[in-house]
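So the structure is just underneath, and the comments pick up after that.
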Amino acid sequence: MKLYTYFRSSAAYRLRIALALKGIAYEPAFVHLRKGEQQAAAYGALNAQHLVPTLIDGEHTLIQSMAMVEYLEEKHPEPPLLPDGAAARARVRGLAQLIACEIHPLNNLRVLKYLQNALGLPEETRDDWYRHWVAEGFAPLERLLADSRETGRYCHGDTPGLADAFLVPQVYNANRVACDLTAYPTISRINEACLALPAFADSAPDRQPDAE
C-alpha cells in the first residue's frame, strides 16, 4: 500500500494509526499542504479533491479517511477496529463521525486559510473560531463517552479501535491551538491511554519523516 500523507493532517494521522493497529506496512508519499503540493495536477489525478490522505492499494485508489479505514477493516479484518454487534459498531462509527463530520471540517486547513486570507480575520480570531468548534464537538462527545457503560479504557471497551483512531488526532489539534480540555476528562484519559501504545505514539505528527 502507498499512503499520501502530511505529518500534521489529522485525516492522514487517522490512517497512520489504523494501519499501525492492523500491522499493515505501507509506503508513505509526502504531500506538503502548506506549500500547496496537493494542488499539483499530478496529485489531482489521484485525488480530485486535492486533499490528503489518498490510499493506493494495487489498482485501487481510495479517498476519505472513514472509507479507507472501513476498507482496511473489510480487507484485513484481524485485528478488528470495530466491535462485534450491529449496535456496538454503530456506536463506534457515530463517535468517529462526530469528530470527522462535525468538528474536523470546520477546522480544516483550507477553512482556516480562507478565514484568515480571504475574509481577513486576524490569527487570534481564527484561533477563537477553532476553539469554539472544538468545544461544540467535545462537549457532547465527552458526555457520550462518560455516560456509557460501553466506554472502557478506550472509546469502546478495553481494545483500541476505529473511534480512538479518530479521537487522538483531534485532541492533538486541540492542543496545538491551546484549547482548554479540563472539561473533558474522559476524552483526555482515553487519549493518554492511546498514546501509551506504539501504534499511536509512532503515528504522531512529530514522529513522521516529513515533520517540521
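The values are calculated or read from the model by the stated rules, or taken from the named source; none is laboratory data. The structure displayed is predicted, hence computed values, not measured ones. Quick reminder, even Gly has a Cβ in these numbers, built from the backbone with ideal geometry, and neighbours come from all protein chains shown.
Values computed for the structure shown
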| item | result |
| --- | --- |
| Complete set of residues in segment 183-205 that are in contact with a Phe, Trp or Tyr (Cβ under 8 Å, 6 or more places away or on another chain) and loosely packed, with under 15 Cβ neighbours inside 10 Å | Ala183 |
| Subset of segment 184-212 [over 15 Å from Gly152 (Cα atoms) and in contact with an Asp or Glu (Cβ under 7 Å, 6 or more places away or on another chain)] | Tyr184 |
| Checklist (1) assigned to a helix (DSSP H, G or I); (2) closer than 19 Å to Ala199 by Cβ; (3) basic (Lys, Arg) applied to Arg89, failing item | (2) |
| Residue that is surrounded by the fewest Cβ atoms within 10 Å (Cβ to Cβ), among those in segment 1-32 that are of a type in the set (Val, Ile, Thr) and within 14 Å of the chain's Cα centre (by Cα) | Thr5 |
| Odd one out for Ile190, checked against (1) at pLDDT 95 or above; (2) within 25 Å of Leu109 (Cα to Cα); (3) among the β-branched types (Val, Ile, Thr) | (2) |
| Single residue of Asp180, Asp164 found to be surrounded by fewer than 15 Cβ atoms within 10 Å (Cβ to Cβ) and either within 16 Å of Ala139 (Cα to Cα) or modelled with pLDDT of 95 or more (or both) | Asp180 |
| Subset of segment 150-166 (residues that are of a type outside the set (Gly, Ala, Ser), farther than 21 Å from Ser10 by Cβ and either part of a loop (DSSP other than H, G, I, E, B) or outside the structural domain of Ala196 (by TED's automatic domain parsing) (or both)) | Glu150, Arg153, Asp158, Thr159 |
| Which numbered condition Pro209 misses (of (1) surrounded by fewer than 17 Cβ atoms within 10 Å (Cβ to Cβ); (2) in contact with a helix residue (DSSP H, G or I) (Cβ under 7 Å, 6 or more places away or on another chain); (3) not charged (D, E, K, R)) | (2) |
| Pairs, first outside the structural domain of Pro53 (by TED's automatic domain parsing) and touching a residue at least 40 places away in the same chain (Cβ under 8 Å) in segment 102-128, second β-branched (Val, Ile, Thr) and surrounded by fewer than 16 Cβ atoms within 10 Å (Cβ to Cβ), C-beta under 6 Å, six or more apart | Asp127/Val177 |
| Failed criterion for Val69 (all others in (1) under 23 Å from Gly23 (Cβ atoms); (2) touching a strand residue (DSSP E or B) at 6+ places or on another chain (Cβ under 8 Å); (3) of a type in the set (Val, Ile, Thr) hold) | (2) |
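For (1) of a type in the set (Phe, Trp, Tyr); (2) exposed (fewer than 14 other Cβ atoms within 10 Å of the Cβ); (3) not in a loop (DSSP other than H, G, I, E, B), each residue gets a yes or a no:
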residue	(1), (2), (3)
Leu95	no, no, yes
Leu98	no, no, yes
Leu121	no, no, no
Val134	no, no, yes
Ala139	no, yes, yes
Leu144	no, no, yes
Ser148	no, no, no
Ala174	no, no, yes
